[in-house]
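K.L.:
Before I ask anything, let me first share the structure, which is written out below as structure tokens.
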């Protein structure tokens, strides 16, 4: 028998004698004693001394029962440090092996089983059990800490084989779960940073040891998250672990609390599609081998089948595997999406089109709801065309997709074709397929704004599409909510300068009568709009096609009013009257707008002497003519605000005045023009004749030419022109 180390004994006695046991604040004292105590025990040679022969009972009670500020006993500290001698000494002197840490509720056994080295943990555990056996002290192997974890949970989490075996042989509950519902089997299957082989090896060991002990393992326990061990294994793509669980009877169709099965988890993966596809095939093949049927159409709480999840993650390869396994192609999720909607949302036209051919081939004996609408009213065809995916759209059309179904915004397939510049050449293919399928296209369908496909094509400037639509019978007179017809849109844009003839030519060939004087909600006809836009060649075409020159808009303005408001038409007015004569259209030269203004008044106010002459030659009533009010001239001047008034503009005014006088019109300019008071200080080298006329009509005192640098007049200092607003 080993002799007690006399030196150790003597030093422990010295420790006791030097300790002031009456100190009230013993925390610092405890640390001092602890440090010296462990040092002495560690360096003790031979048999450990009996503390009862050295310390008083109350001193021993204090030593073994005291705790640090974290709530640990000396025994906790001894096992944490792996100090066998101190552990043995404390146990032999009354330390409670089941005493929990006051904060974590971990016992010394929890601490031992939470080591990372299996050999050291197992050896220390054996010693721990042996000492307590000799002392006839029962160790609770299933005691749980504040997380509900037993020592076995820590051991399996750390993959401590020998420690795990020791605990199980001592009666540890192989199915005991913690507060999160995790059993030892969950801990093994939660991957962490371990490889599949490591996890599978430990899992086999765990099953084998429990088989040996005739202890059944519940492989389908759900944790608080609602996951079984198989859920964790498939989520981490652990093939060997998955196989082990399935061969042990794990339920391949078990749902978690959200209704997701292992198959949902496999399919709900957005990255590494190839790996996911391979794992899915492995999963099906393995279940076939163990004669277990995988349910492919289970819906989770969001009404998602595995197929829907695969396609939401844009995994076409997984979707194909599921379809070949009999997945339903028509399931609808909570937002109305079916597999076809999701496929068409994938931005890979060729890949999707190729898949759809397989999709329809697999489901040739099933009725695929090809025209199902989602919550926005989109059909798969609508989604494909919205992305500009013509190959996908072609497959859908050839498999019976309805070209006339509209979204909630009333957009049909043809609307979408016409609004996308990416599918310029598809419109011909679209009509060709519809002809082959004997589908009549509603070519004049209107969206929520009243736009037809023709309106949209014109708005987008897609002339070739416009021609196709017109040749296919698109109605040229259908108006949108603003009252605009196709011709209104053509007249708005200068990109159709040379297209208007083509428009009329096709309409003639299709025997479509164009309502050339159709008015929008502002009363504008195509002729009004063309004049506003300054598009003379379009105006000529319209007039030659019979556009009415006397139709007025809501402001009462006729075509002639607009011509007389802009110097763009100074040389065009003769052409205007000539065409009207040829078309036997009598122009109402004295028509008044809603403010009573005539074309002649606008021509005068906008300083258009040639137009004034033409109007008078054409019968404008000079007897009823009222010289434009100052306000109309001011309105014209304001259009020139911020620009230098030029000599040409002043001379135009004089010419207009003289033209009116020659026709017998008497002007009382001094009274009318005093407020405007022409200021010619900005003119350099004006014509003397102009000065004479201005002095005669506009000023009470003579005006002399100024040699100063020109300056900008105010809005009321000289005449100007009116620039018409856009329609």
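The values are calculated or read from the model by the stated rules, or taken from the named source; none is laboratory data. Owing to the predicted nature of the structure, the values given are computational and were not obtained by experimental measurement. Please note: Cβ atoms are built from the backbone with ideal geometry, for glycine as well, and neighbour counts cover all protein chains shown.
K.L.:
Here is a check on your reading of the model: is residue 245 in contact with a helix residue (DSSP H, G or I) (Cβ under 8 Å, 6 or more places away or on another chain), assigned to a helix (DSSP H, G or I) and at pLDDT 95 or above? Working first, answer last.
P.N.:
Numbers: in contact with a helix residue (DSSP H, G or I) (Cβ under 8 Å, 6 or more places away or on another chain): yes; assigned to a helix (DSSP H, G or I): yes; at pLDDT 95 or above: yes.
Here the answer is yes, as residue 245 does meet what is asked.
K.L.:
Name the residue that is nearest to residue 540 (Cα to Cα), counting only residues in region 463-480 that are in a loop (DSSP other than H, G, I, E, B) and touching a residue at least 40 places away in the same chain (Cβ under 8 Å).
P.N.:
By that ranking, first place goes to 477.
K.L.:
Pick out the one residue from 369, 338 that is within 20 Å of the chain's Cα centre (by Cα), farther than 14 Å from residue 316 by Cβ and in contact (Cβ under 8 Å) with a residue 12 or more places away in the chain.
P.N.:
338
K.L.:
Here's something else I'd like to know. Applying the selection to region 363-395, what residues are in a helix (DSSP H, G or I) and modelled with pLDDT under 95?
P.N.:
Hit for region 363-395 is 386, nothing else.
K.L.:
Let me ask something else. Taking only region 426-457 into account, find how many residues are buried (at least 16 other Cβ atoms within 10 Å of the Cβ) and part of a helix (DSSP H, G or I).
P.N.:
Residues that pass the stated criteria total 11.
K.L.:
Would you pick out the residues in region 501-526 that are under 41 Å from the mean Cα position of the chain (by Cα) and under 17 Å from residue 464 (Cα atoms)?
P.N.:
Result: 503, single match.
K.L.:
Kindly state which helices (runs of 4 or more DSSP H) lie completely within region 608-681 and contain at least 1 residues that are surrounded by 13 or more Cβ atoms within 10 Å (Cβ to Cβ) and modelled with pLDDT of 60 or more.
P.N.:
On the way: elements: 609-617, 630-638, 647-662, 669-673.
Here the list reads 609-617, 630-638, 647-662.
K.L.:
Tell me the helices (runs of 4 or more DSSP H) entirely within region 96-207 that contain at least 3 residues that are exposed (fewer than 15 other Cβ atoms within 10 Å of the Cβ), more than 52 Å from the chain's Cα centre (by Cα) and without any contact (Cβ under 8 Å) to a residue 40 or more places away in the chain.
P.N.:
Details: elements: 108-113, 118-134, 151-157, 161-169, 184-189.
Because the criterion is at least 3 residues that are exposed (fewer than 15 other Cβ atoms within 10 Å of the Cβ), more than 52 Å from the chain's Cα centre (by Cα) and without any contact (Cβ under 8 Å) to a residue 40 or more places away in the chain, the helices (runs of 4 or more DSSP H) in region 96-207 that meet it are 118-134.
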